[in-house]
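Since every read-out is calculated from the coordinates, none of them should be taken as a lab result. Since the structure is predicted, the reported quantities are computational estimates derived from the model, not experimental observations. All Cβ positions, even for glycine, are placed from backbone atoms using ideal geometry, and neighbour counts span all protein chains on display.
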Amino acid sequence: MAMLICAHRGASGYAPENTMKAFRLAHKLGAHACENDVHLTKDGEIVVIHDHQINRVSNGEGTVENMTLAQLRAFDYGDGEKIPTLDECLSFFDGSGMELNIEIKTMDRIYDVALVRGVGELVQKHGLESKIIISSFYHQSLVDYKKLFPKVRTAVLHGDEIKEAGAYAAYIGATYSHPYFKCVDEKFVEECRKNGILVNPWTVNEAADMRRMDELGCNMLITNYPDVALRG
């Protein structure tokens, strides 16, 4: 395939999502990039987890923003893995050769600008500005991020169709459009291309859909199964 391959929450088809085990496996399988999700803890740490609550992915219960890092690390997130901090995650990606797509999570379309600032400062600390993509469904967070950290690329996440998605992404200063893959067709990709926007669809897990995204000229495929995509 001509596309780059991004492992969604790491190689989450085979290992517990958003854990260091999943990121290490993605690297071993040959993924070009990984995607993860970040939240702020009660004590201001940035942790890597998709949901606002830990119930689905751990043997504990509670909401991330109401728990400290120490409290969150008391639980098992699958195969004995602990919840990673973004700092730990960036330490792994530094020197890995992979890019990292960090998704800024929001609570009911509300987010703390401290999360945006904290992510940017950690990325700068590790010197990884050229290896990072910042994405979010809440697009104001992307605008705010670019104001604070203009060197880092951003990506507009959306699950529904957006009219003139490429023009919209360009308008807010993004580099990429990250649509749900079922929204992607030839017209979508061409409109993005005309506006200088690259298309990175998510989450594509079936081989036939992967091939279709490749044929349409997408830039990077986001999948739980990077090895399947790499085999073409």
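Between Lys151 and Asp79, the modelled label-to-label distance comes to 3.4 nm, taking each label 7 Å out from Cα in the direction of the beta carbon. Farthest towards the positive end of the charge dipole of the chain, among the residues Val156, Ala15, Leu69, is the Cα of Val156, using unit charges on the Cβ of Lys, Arg, Asp and Glu. The helix-only estimate of mean residue ellipticity at 222 nm for the chain, built from DSSP H runs of length n ≥ 4 each weighted as -39500 (n - 2.57), is -9000 deg cm²/dmol after division by the residue total. The long axis of helix 20-29 is offset from the longest Cα principal axis of the chain by roughly 40 degrees. Counting only residues at least eight positions apart within a chain, or on another chain, the lysines with an alpha carbon under 25 Å from that of Lys151 are Lys105, Lys125, Lys131, Lys194. If you fit an axis through the alpha-carbon atoms of helix 207-216 and take the longest principal axis of the Cα set of the chain, what angle between them do you get, 0 to 90°, nearest 10? With rounding to tens, the tilt is 50 degrees. Placing dummy labels 7 Å off each Cα toward the beta-carbon, the span from Arg231 to Lys194 is 3.9 nm. The gain in end-to-end length when the Glu121 to Val143 segment is fully stretched comes to 6.3 nm, 0.36 nm per residue minus the alpha carbon separation. Potential lengthening of the chain between Tyr180 and Glu164 amounts to 4.3 nm, from the contour at 0.36 nm per residue minus the alpha-carbon distance.
Fewest-first ordering of Met98, Met3 by other beta carbons within 10 Å of each residue's beta carbon gives Met98, Met3. Sorting the Cα pairs of the chain by distance into bins of 5 Å, from 0 upward, gives 1, 7, 15, 18, 20, 18, 12, 5, 2, 0 percent per bin. Can you tell me the orientation of helix 113-125 relative to the chain, as the angle in degrees between its alpha-carbon axis and the longest Cα principal axis, to the nearest 10? Once rounded, one gets 90 degrees.
Rounded to the nearest 20, the size of the Cβ-charge dipole of the range 5-231 about its Cα centre is 440 debye, with Lys and Arg at +1 and Asp and Glu at -1. Stretched out straight at 0.36 nm per residue, the stretch from Asn66 to Ala207 would grow longer than its current Cα-Cα span by 46.8 nm.
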